[in-house]
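Structure, as structure tokens:
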Amino acid sequence: MEDMVMLITNVGFPIAVASYLLIRFESKIDALTVSINALTNVVVNNSKDGTKNV
């Protein structure tokens, strides 16, 4: 029983923290991807017609 508690303490907590961080960062990465795609479209449009689209 004591070995099981030590295993959960040593392995379970880092797994829980890593899972939490991955879930939190996923939404932020998705938002950054959308922003990068929008900026890419602006750059492509600016290079095509020479105007500034902001």
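Just so you know, in segment 41-54 the residues that are in a helix (DSSP H, G or I) and loosely packed, with under 10 Cβ neighbours inside 10 Å include one that is modelled with the highest pLDDT, and it is Ser47. Taking the listed residues Ala16, Ala38, the one that is under 23 Å from the mean Cα position of the chain (by Cα), of a type in the set (Gly, Ala, Ser) and at pLDDT below 95 is Ala16, with no other qualifying.
The values are calculated or read from the model by the stated rules, or taken from the named source; none is laboratory data. Everything quoted here is computed from the prediction, not taken from an experiment. Positions of Cβ are backbone-derived with ideal geometry, glycine not excepted, and every protein chain shown enters the neighbour counts.
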